[in-house]
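Report on the structure given below.
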Amino acid sequence: MIDKTLRELLLSLFGSTIFSYTSPVNSFQHDNGKPSTLETVIRLQGLFHHRLHPLGVSPLQASMLLYLDRHPQCEVMEIASALCLQNLSAVKTVQLIQRQGWIRKPLVNPNRKIVKLQLTAKGTALALKIKANIAVTDKLFALANNRKAA
């Protein structure tokens, strides 16, 4: 259970919705009462989605933007491979984030139609906001886990 101090911090930062991501769920816990890997992944995914919602970006879009931030000038299939996506899903997501103005696809070699993806200034700014949200998510989970261990 979340102690009073942590509860007040979470409530001030996120309102009541955050408790569904930080409160224990017995059905996923090991016999020793500690969260399972599955529980941790599900909670992190939910919290990540919750933190990204105000930015208007999905977890998949955020993952692509962060990958491009770390690996500028990469191809769509490289992102698909790195994020374990089917090629069609990666292509559709790249098209969507391009329409949002977060990336551009300049041709490197017009004869061979090689496209290397790049973040735009708008995409770089969004990637910075995503990184900040990830940092907050990491801190909240560390704080919640420290409280549970005590």
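If Leu83 passes every condition in (1) touching a Ser or Thr at 6+ places or on another chain (Cβ under 6 Å); (2) under 16 Å from Thr137 (Cα atoms) but one, which one does it miss?
Here Leu83 meets the rest and fails (2).
When you scan the stretch 11-28, do you find a residue that is at pLDDT 70 or above and either assigned to a helix (DSSP H, G or I) or within 30 Å of Lys122 (Cβ to Cβ) (or both), even just one?
No, the conditions are met nowhere in the stretch 11-28.
Find the residue count for the stretch 38-84, including only residues that are without any contact (Cβ under 8 Å) to a residue 12 or more places away in the chain and either aliphatic (A, V, I, L, M) or touching a Leu at 6+ places or on another chain (Cβ under 6 Å) (or both).
3
Report, by residue number, each residue of the stretch 77-130 that is more than 12 Å from Tyr67 (Cα to Cα) and among the hydroxyl-bearing types (Ser, Thr, Tyr).
Within the stretch 77-130, Ser89, Thr93, Thr120 meet the criteria.
Given the options Thr120, Thr37, name the one that is of a type in the set (Val, Ile, Thr) and either touching a Cys at 6+ places or on another chain (Cβ under 8 Å) or surrounded by fewer than 15 Cβ atoms within 10 Å (Cβ to Cβ) (or both).
Answer to the selection: Thr37.
Within the group Leu44, Leu107, Leu117, Leu65, which residue is within 16 Å of the chain's Cα centre (by Cα) and modelled with pLDDT under 95?
Just a single option satisfies the conditions, and that option is Leu44.
So which pairs qualify, if the first residue must be in the stretch 113-139 and of a type in the set (A, V, I, L, M, F, W, C), the second must be in a strand (DSSP E or B) and modelled with pLDDT of 95 or more, the Cβ gap must be under 8 Å, and the two must be at least 6 apart or on different chains?
Close Cβ pairs (under 8 Å, with a partner that is in a strand (DSSP E or B) and modelled with pLDDT of 95 or more) amount to Leu117/Ile103; Leu119/Ile103; Ala127/Leu119.
Going through the stretch 86-126 one residue at a time, which ones are touching a Ser or Thr at 6+ places or on another chain (Cβ under 8 Å) and of a type in the set (Lys, Arg)?
Once the filter is applied, which keeps residues that are touching a Ser or Thr at 6+ places or on another chain (Cβ under 8 Å) and of a type in the set (Lys, Arg), the stretch 86-126 yields only Arg104.
The values are calculated or read from the model by the stated rules, or taken from the named source; none is laboratory data. Note that the coordinates shown come from a computational prediction; the quantities given were computed from them, not determined experimentally. Please note: Cβ atoms are built from the backbone with ideal geometry, for glycine as well, and neighbour counts cover all protein chains shown.
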